[in-house]
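See below for the structure under consideration.
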């Protein structure tokens, strides 16, 4: 009787393994992927926040001086946090700021 139960459990286990289409998961790799994805999303969020700050600084400069700044460097006094301005494109004719592609 005990032998039959062992065989039954073995067959059930074999059927479960055979019916599973998914490959075994690697928890360490999954954790690493989640960390990398979170890091990338954090960087994108920071760039978008900096872009918003630059656009507001351009509007403030334009309101104060009745013209757009010639370059983003002229905005340094209006920006509180350090921003890598080389990551952004600026059009002094329209005052538009965008992320470089």
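Residue 61: in a loop (DSSP other than H, G, I, E, B) and surrounded by 11 or more Cβ atoms within 10 Å (Cβ to Cβ), yes or no? In short, no. The residues of the range 64-91 that are in a loop (DSSP other than H, G, I, E, B), surrounded by 12 or more Cβ atoms within 10 Å (Cβ to Cβ) and either at pLDDT below 85 or over 20 Å from the mean Cα position of the chain (by Cα) (or both), listed by number, are 68, 69, 79. Report whether or not residue 37 is surrounded by 11 or more Cβ atoms within 10 Å (Cβ to Cβ), modelled with pLDDT under 85 and not in a loop (DSSP other than H, G, I, E, B). No.
The values are calculated or read from the model by the stated rules, or taken from the named source; none is laboratory data. All values reported here derive from a predicted model rather than from experimental measurement. We place every Cβ from the backbone using ideal geometry, glycine too, and count neighbours over all the protein chains shown.
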